[in-house]
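Report on the following structure.
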Amino acid sequence: VRAADTVMIAVSGKNGVSVGTEKAVKAAESRGLSKVFFVNGLCDESARFYRVFETLKASFGPSVCPVVVPFIVDGQANCYVNLLEYKAYTYQNGKAAPVPLPDMGHRLDGLRTAINEAVAETSEELMEKYFSGEDFTPDERIMGIASGVRKGDIAPVFCGSAQDLSGVDQLLNGLIWLA
């Protein structure tokens, strides 16, 4: 942690926030470092991303912001939705393939609102655009979240499975773009 600018904290998709998670967040905060969360293990049927995400928000506050979320069918993460780009991807043998955005109903609207609110709070210009009802461009979302991450105001949440490499490319790209 001493040599880092940003701390990536892996969180179990099954077990959620643990003592190790709390210690990693405390270490990052004591050194004034940005935090990025990766909810891992979504290839397991007993993984519960949205429960873990809510626990992260409850434990570490409103700065926790979704960036990549799973679309779950029958307990399995069927595809991963990137909220910065509004694109969805499936994975086979660690390779991403774009697919149409799945119908996630009101959940997707709520996640979009959360990310737009986080972006709006990063600058006066974006705040004005948000309150005027205009939608952000993908570049504005990325730049807004990146600004918030660098300041420590936003802790983005990615998800996937290190075992089968699902979502790992989006995490790595996110670290490049945001941190």
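Some observations on this one:
- Scattering profile of region 86-148 at q = 0.14, 0.15 Å⁻¹ [log10 I(q)/I(0), Debye over alpha-carbon scatterers]: -0.50, -0.57
- Taking amide H positions as modeled 1.01 Å from N, with prolines and chain starts lacking one, the residues under 5 Å from Val11 and 5 or more places away or on another chain are Phe38, Val39, Asn40.
- Residue by residue, region 4-9 carries 3J(HN,Hα) couplings of 9, 9, 9, 10, 9, 10 Hz when phi is fed to the Karplus relation 6.51 cos²θ - 1.76 cosθ + 1.60 (θ = phi - 60°); x denotes Gly or Pro.
- Among Asn78, Asn93, Asn116: highest mean-square fluctuation, GNM of the chain, C-alpha pairs under 10 Å: Asn93
- Carbon plus sulfur fraction of accessible area for region 87-179, probe 1.4 Å, in percent: 52
- Within a Gaussian network of the chain (alpha carbon springs, distance under 10 Å), most fluctuating of Val157, Val73, Val99: Val73
- Region 6-53: GluC sites (Glu not before Pro) in DSSP coil with no more than 12 other Cβ atoms inside 10 Å: Glu45
- Residue among Gly61, Gly167, Gly105 with the largest mean-square fluctuation in a Gaussian network model of the chain, springs linking Cα atoms under 10 Å: Gly105
- Probe 1.4 Å, all protein chains present, accessible-area order of Phe53, Phe71, largest first: Phe71, Phe53
- Across region 1-152, C-alpha contacts under 8 Å between residues 6 or more apart give a mean separation that, scaled by the residue count, equals a relative contact order of 17 percent.
- Overall, the chain carries a charge dipole of about 720 debye about its Cα centre when +1 sits on the Cβ of Lys and Arg and -1 on the Cβ of Asp and Glu, all other atoms neutral.
- Calculated P(r) of region 73-179 - Cα pairs past 21 Å, %: 39
- Listed values (1) 0.98; (2) 1.12; (3) 1.90 include one computed from this model; for Cα Rg over 2.2 N^0.38 Å that value carries the label (1).
- The residues of region 99-179 have, on average, 53 Å² of accessible surface per residue, using a 1.4 Å probe with all protein chains present.
The values are calculated or read from the model by the stated rules, or taken from the named source; none is laboratory data. Keep in mind the model is a prediction, meaning the values are calculated, not measured. FYI the Cβ positions are ideal-geometry reconstructions off the backbone, even for glycines, and counts take in every protein chain you see. These accessible areas exclude ligands, DNA and RNA; they are computed on the full protein's heavy atoms, side chains included. Shrake-Rupley method; radii C 1.70, N 1.55, O 1.52, S 1.80 Å.
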